[in-house]
Amino acid sequence: MKVMKLNFLSVIFIFTYTFSALYTGCKSEHRRSIPVMDTLRTQHKRSIEEVMNAHTDELMAIPDVNGVYIGELEDGRECITVLVSKKTALHKKKIPQKLEGYPVIIEETGEVQPLMEKHET
């Protein structure tokens, strides 16, 4: 009978310890996630236009970058498109895949030349 009583108490102890450890872990995890979620909710994400305008000068300073505009991905999401004469390893290194959460794509345009002006004679 003593053996049975000891096993029963052991089971109760193990169950109580395990439950309290799990509960405490969940509770502390929940407490840690609340401030993070509040921070995410209160952060104001800039519009894609603001992000593009903020980064256009630095993107245009990269060699052979001809322009920057707001494009659209195949799935309909907006993206920042960087026009380059020819894609190179430098472009892949210098142009990020995302800017402030917005996807960035590199589009090869070929060499861009100014149009010739018509002169009146």
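What is the set of long-range amide H partners of LEU99 at a cut-off below 5 Å, with H atoms built 1.01 Å from backbone N?
Amide H neighbours of LEU99: VAL104.
With the crude spin-label approximation of a point 7 Å out along Cα→Cβ, what separation in nm comes out for LYS98 versus GLU111?
Distance between the two pseudo-spin positions: 3.8 nm.
With the radius of gyration and the Kirkwood radius both derived from the Cα set of region 48-108, what is their ratio Rg to Rh?
My calculation puts Rg/Rh at 0.93.
Each value in this text was obtained by applying a stated rule to the coordinates, not by laboratory testing. As the structure is a prediction and not an experimental result, all values here were calculated from the model. Glycine gets a Cβ as well: all are built from the backbone with ideal geometry, and neighbour counts include every protein chain shown.
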